[in-house]
Amino acid sequence: MAFCLLTSHQWFAADKILRDTCKRFGLVGVSTHSFKRTVLTMMSSAGVPLRHIQEISKHNDLGTLQRYLEVTPEQRKKAVEVIGF
């Protein structure tokens, strides 16, 4: 994932470019943070182990990472089905 390969300076530059572009086109709710959250959730949904996602995203601990991840009702249903309920 590209976001983990950027320096802080590059990340802030990319964020500014995105914010300026969104403002120009009247887009709201778009940010590098929302992109990062989406990508991390996609990895988790695809079955990538949380420890790997933590390394890629450079979160210090799994608790912080888990606040980024969204869980859908379908994912909850599948998790419960694994144990036979």
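The values are calculated or read from the model by the stated rules, or taken from the named source; none is laboratory data. Computed from a prediction, not measured in an experiment: that's the story for all the values here. Cβ placement follows ideal geometry from the backbone for every residue including glycine, while neighbour counts extend to all protein chains displayed.
Some points to look at:
- Among residues of segment 7-29, those that are surrounded by 11 or more Cβ atoms within 10 Å (Cβ to Cβ) and aromatic (Phe, Trp, Tyr), counted: 2
- Enumeration of residues in segment 56-67 that are free of Cβ contacts under 8 Å to residues at least 40 places away in the same chain and not aliphatic (A, V, I, L, M): His59, Asn60, Asp61, Gly63, Thr64, Gln66, Arg67
- Only one entry of Phe25, Phe3 meets the criterion of being at pLDDT below 90, of a type in the set (Phe, Trp, Tyr) and out of contact with any His (no Cβ under 6 Å at 6 or more places or on another chain), and that entry is Phe3.
- Leading residue by the ranking (nearest to Trp11 (Cα to Cα)) among those in segment 30-85 that are surrounded by 13 or more Cβ atoms within 10 Å (Cβ to Cβ) and among the basic types (Lys, Arg): Lys36
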